[in-house]
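> What follows is a single structure, and I will ask about it in a moment.
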Amino acid sequence: MGMVTFVDETTSGDRGAGWGLEIAEERLALRELIRRRVFQEVAEFNARTPEVFQGLVQPNDTERVLNGYALRTPRRIDPEAQTELALKAFAGNGFLVLVGDRQFTDLDEEIELKLGTEVTFLKLVALVGG
């Protein structure tokens, strides 16, 4: 069992604070890694129900705000629906996944999760006027 650190970055240079998740497997498909990350962030949100969701992708019926996504009406977020949104965002180049200096492009590709692995989710930011 090892700790995997997830870090969010944007193409504009912003880098969020990393957070860890215990993962028992030594290898995991990218699809499953994204699913576990999303399930964890949704579980933490649903346990606290703050006004702003800070996650990988924007949930349905929310508004983008400075530090995340504001829910129009307070509610719990469905982790399965949120995972589907994340997988669609990945397929549509909404974000890239980097492990070390390697980019992963196939959801079914397995990632070797060594002790201290850092997974970077690089969110692609649209250019103004582009």
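The values are calculated or read from the model by the stated rules, or taken from the named source; none is laboratory data. Computed from a prediction, not measured in an experiment: that's the story for all the values here. Here Cβ is always computed from backbone atoms with ideal geometry, including for glycine, and neighbour counts include all displayed protein chains. To get the accessible areas, we keep the full protein, side chains included, count just its heavy atoms, and leave off ligands, DNA and RNA. Shrake-Rupley method; radii C 1.70, N 1.55, O 1.52, S 1.80 Å.
> Go through Glu109, Glu80 for me and flag whichever is open to solvent by 40 Å² or more (accessible area, probe 1.4 Å), in contact with a Leu (Cβ under 6 Å, 6 or more places away or on another chain), closer than 22 Å to Gly20 by Cα and not β-branched (Val, Ile, Thr).
The match here is Glu109.
> Sort through Phe45, Phe104 and tell me the only one that's surrounded by 12 or more Cβ atoms within 10 Å (Cβ to Cβ), at pLDDT 95 or above, among the aromatic types (Phe, Trp, Tyr) and closer than 19 Å to Leu124 by Cβ.
It is Phe104.
> Taking the range 8-42 as the region of interest, how many residues are among the β-branched types (Val, Ile, Thr) and at pLDDT 95 or above?
So the answer is 3.
> Same structure again: Of the numbered conditions (1) of a type in the set (A, V, I, L, M, F, W, C); (2) open to solvent by less than 60 Å² (accessible area, probe 1.4 Å); (3) under 14 Å from the mean Cα position of the chain (by Cα), Leu71 fails exactly one; give the number of that condition.
All conditions pass for Leu71, except number (3).
> Here's a follow-up. Considering only the range 34-41, I want to know if a residue exists there that is crowded, with 18+ Cβ neighbours inside 10 Å, out of contact with any strand residue (DSSP E or B) (no Cβ under 6 Å at 6 or more places or on another chain) and touching a residue at least 60 places away in the same chain (Cβ under 8 Å).
Yes, that holds for at least one residue.
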